[in-house]
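Enquirer: Once you've had a glance at the structure underneath, I'll fire off some questions.
The values are calculated or read from the model by the stated rules, or taken from the named source; none is laboratory data. Values in this document were obtained by computation on a predicted structure and should not be read as measured data. Cβ placement follows ideal geometry from the backbone for every residue including glycine, while neighbour counts extend to all protein chains displayed. Just so you know, the surface numbers come from the protein's heavy atoms only, side chains and all, with ligands and any DNA or RNA stripped out. Shrake-Rupley method; radii C 1.70, N 1.55, O 1.52, S 1.80 Å.
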Amino acid sequence: MKDKYEKQHRLALLNPYQSVVRVFDPDEDSILVGIKNVASIPNTLMKKLEPHGFGLHTIDKKSQLAGRAVDTQLINPITGHYMSGSSSGTALNVFAGINDLGIGNDGGGSVLAPAMCVNIYGMISKLIEKDRNISLKANTDGIVAGNSIGFMARDREILFKAFEIATGITKADGYGKVFSDQKYEGIDSTIIDVMEAHAPRNELTAYLKDVLKQCDVLMVTEGPVDLFGFGDSLFGHFDSRTQEIQKAANKGYVRVCNIAEATALAIPQKGLGMATLLMCESRNDKIARLLKLSEKIEHVHDELIERYFLDIDSYFNEGYQVE
């Protein structure tokens, strides 16, 4: 553990992706945590996690404009495109192995989309720090909503451990009634004709609220996120051309999960920027069934990505020597 911690801490100080704002020095056996640099994530959450082995390691960069869905100052190390935002630095620091867990906030996909674009887990819920003071504000579509707090991780067990500590919710014995957009191997679901994922947010939000009342979990495939387009509504609002480019970024249901007050879990698929998105009403019983359903979805292990980006020693290879 000491050797692992020293490497992660050294990498945080190196800050190779310019994604770290501040570095702390937690116990060397800690599960290392990065937190998005926003005031809406209360200190009480980290205080709940600390007795269970989590330690604050970094404060992470966010998109330079509050809530913006891309970060034009950070680069996705896989694609070379701008990072999805606004919890951009938090996602990068988990992806690169600087941290084991990331904590961000999500108003319209700001946790789920950054996690998806680098193929890590992302989860949001209104029940994480549900008693905190939440500021309501209008998004770029004029919809007034608060935000959800969310977690990001490469290891789903770390993600679920943090979620259980934060909410007290554990998985149920069964996953209940599942609606899905297609057949998923090994899962008993009712396939429905889901609303087009690129529908206007107000329409998609109303649809999602309605369909989640009728099932325990809704299951869809999302992405690839920010691979072929520029998924930002500030960019997309200009005209039909920018709208089409925004749509090509394939941010669908992730845009409205928080607005619909849903709990959502993005599970990476093999394809870059692709995820199986599980959504449910933010009720303890339904969330417990969502957690159970997630066990049926195979974890994707990408050896090549891990070899290139999680070999921390490679960031410190010696270069040209002058004699």
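Enquirer: Compute the distance from the alpha-carbon center of region 153-209 to that of region 217-293, in whole Å.
Expert: 11 Å
Enquirer: Restricting to the chain, what percent of DSSP beta bridges are antiparallel, rounded to 5? Display every interim value, and only then the final one.
Expert: On the way: 34 of 48 bridges.
Counting only bridges with both partners in the chain, antiparallel ones make up about 70 percent.
Enquirer: With the Cα gyration tensor of region 149-235 in hand, convert its eigenvalues to equivalent ellipsoid semi-axes via √(5λ) and list them largest first in whole Å. Numbers along the way, then the final one.
Expert: Numbers: eigenvalues 122, 87, 42 Å².
Square roots of five times the eigenvalues give 25, 21, 14 Å.
Enquirer: Sorting check: for 123-133, 20-30, which peptide has the highest mean count of neighbouring beta carbons within 10 Å, and how do the rest follow? Present the calculation step by step, with values, prior to reporting the outcome.
Expert: Working: 123-133: 19.1, 20-30: 15.2.
The densest-packed peptide leads the list: 123-133, 20-30.
Enquirer: If you count only protein heavy atoms with a 1.4 Å probe, what accessible area per residue comes out for region 48-196, rounded to a whole Å²?
Expert: Values: 5750 Å² over 149 residues.
Accessible area per residue, region 48-196: 39 Å².
Enquirer: I would also like to ask the following. Compute the length gained on full extension between Phe228 and Lys247: take 0.36 nm times their separation in residues and subtract their Cα-Cα distance, giving the result in nm to one decimal. Walk me through the intermediate numbers first.
Expert: Working: separation 19, 0.36 × 19 = 6.84 nm, distance 0.93 nm.
Length gained, Phe228 through Lys247: 5.9 nm.
Enquirer: Taking all protein chains as present, what is the carbon and sulfur share of the accessible area of the chain, in % to the nearest whole number, probe 1.4 Å?
Expert: Working: 7210 of 14770 Å².
C and S fraction of accessible area: 49 percent.
Enquirer: Another question about this same structure. Between His237 and Asn43, take the C-beta separation as r, use R0 = 51 Å, and let me know the FRET efficiency to the nearest 0.05.
Expert: Working: r = 36 Å, r/R0 = 0.70.
E(calc), rounded to 0.05, equals 0.90.
Enquirer: Determine the alpha carbon to alpha carbon distance for each of Lys62/Lys183; Lys209/Lys251; Lys7/Lys61; Lys130/Lys183; Lys7/Lys251; Lys213/Lys296 and list only those over 28 Å. Spell out each step's value before the answer.
Expert: Values: Lys62/Lys183 36 Å; Lys209/Lys251 18 Å; Lys7/Lys61 20 Å; Lys130/Lys183 34 Å; Lys7/Lys251 34 Å; Lys213/Lys296 22 Å.
With Cα atoms farther than 28 Å apart: Lys62/Lys183; Lys130/Lys183; Lys7/Lys251.
Enquirer: Here's another thing I want to ask about it. Can you say what percent of the DSSP beta bridges in region 93-194, counting only those with both residues inside, are antiparallel? Round to 5.
Expert: On the way: 13 of 15 bridges.
Around 85 percent antiparallel, to the nearest 5.
Enquirer: When all alpha-carbon pairs of region 260-303 are counted, what percent fall beyond 12 Å?
Expert: Details: 584 of 946 pairs.
Pairs farther apart than 12 Å: 62 percent.
Enquirer: With N denoting the number of residues in region 176-300, provide Rg(C-alpha) divided by 2.2 N^0.38 Å, to two decimal places. Don't jump to the answer; show the numbers that get you there.
Expert: Numbers: Rg = 14.6 Å, N = 125, 2.2 N^0.38 = 13.8 Å.
After normalising by residue count via 2.2 N^0.38 Å, the value is 1.06.
Enquirer: Moving on to the next point. Taking θ = phi - 60°, what integer Hz values does the Karplus form 6.51 cos²θ - 1.76 cosθ + 1.60 yield along region 189-197, in sequence order, with x for Gly and Pro?
Expert: 9, 9, 7, 10, 8, 6, 5, 3, 5
Enquirer: Of all alpha-carbon pairs in the chain, indicate the percentage at a distance above 28 angstrom.
Expert: Working: 18525 of 52003 pairs.
Across the chain, Cα pairs with separations above 28 Å total 36 percent.
Enquirer: Also: Need one number: nm distance between label points at Asp27 and Glu298, each 7 Å from Cα along Cα→Cβ, rounded to one decimal.
Expert: For the pair Asp27/Glu298, the computed spacing is 3.8 nm.
Enquirer: Quick one, what does Rg over Rh come out to for region 1-86 if you take C-alpha atoms and the Kirkwood Rh? Walk me through the numbers before you get to the answer.
Expert: Details: Rg = 14.1 Å, Rh = 14.0 Å.
With Rg and the Kirkwood Rh in hand, the quotient comes to 1.00.
Enquirer: Which residue fluctuates the most in the chain, going by a Gaussian network model with Cα springs under 10 Å, if the choices are Cys215, Cys257, Cys280?
Expert: Between Cys215, Cys257, Cys280, it is Cys215 that shows the largest mean-square fluctuation.
Enquirer: Per DSSP helix of 4 or more residues, -39500 (n - 2.57); summed, then divided by the residues of the chain. What does that give at 222 nm, rounded to the nearest 500?
Expert: On the way: 10 runs with 89 residues, N = 323.
Rounded to the nearest 500, the figure is -7500 deg cm²/dmol.
Enquirer: Efficiency by 1/(1 + (r/R0)^6): what FRET value for Glu164 and Ile134, r their Cβ-Cβ distance, R0 = 30 Å, to the nearest 0.05? Display every interim value, and only then the final one.
Expert: Working: r = 22 Å, r/R0 = 0.74.
Approximately 0.85, to the nearest 0.05.
Enquirer: Right, next: Within 10 Å, count the other beta carbons around each residue, average over each peptide in 81-89, 188-196, 261-269, and list them highest first. All intermediate terms of the calculation are to be shown ahead of the outcome.
Expert: Numbers: 81-89: 29.2, 188-196: 13.6, 261-269: 25.7.
Packing proxy ranking, top to bottom: 81-89, 261-269, 188-196.
Enquirer: Compare the peptides 110-120, 201-211 by average per-residue count of other Cβ atoms within 10 angstrom and give them in order, highest first.
Expert: Packing proxy ranking, top to bottom: 110-120, 201-211.
Enquirer: Excluding ligands and nucleic acids, what accessible area in Å² is computed for Phe95 using a 1.4 Å probe, to the nearest 10?
Expert: Here the residue's solvent-accessible area equals roughly 10 Å².
Enquirer: Provide Lys47, Lys286 ordered by accessible surface of protein heavy atoms (probe 1.4 Å), highest first.
Expert: Working: Lys47 135, Lys286 10 Å².
The ordering from most to least exposed comes out as Lys47, Lys286.
Enquirer: Cα axis of helix 156-167 to longest principal axis of the chain: angle in degrees, 0 to 90, nearest 10?
Expert: Rounded to the nearest ten degrees, it is 70.
Enquirer: Largest first, how would Arg283, Arg154, Arg10 line up by accessible area (1.4 Å probe)? Show your work: numbers first, answer last.
Expert: On the way: Arg283 105, Arg154 75, Arg10 130 Å².
The ordering from most to least exposed comes out as Arg10, Arg283, Arg154.
Enquirer: Right, here's the next one. Largest first, how would His198, His237 line up by accessible area (1.4 Å probe)?
Expert: On the way: His198 55, His237 120 Å².
Highest to lowest solvent-accessible surface, that is His237, His198.
Enquirer: Just need the relative contact order of region 124-270 here, percent rounded to a whole number, with Cα pairs under 8 Å and 6+ apart.
Expert: Working: 189 pairs, mean separation 35.4, N = 147.
Relative contact order of region 124-270: 24 percent.
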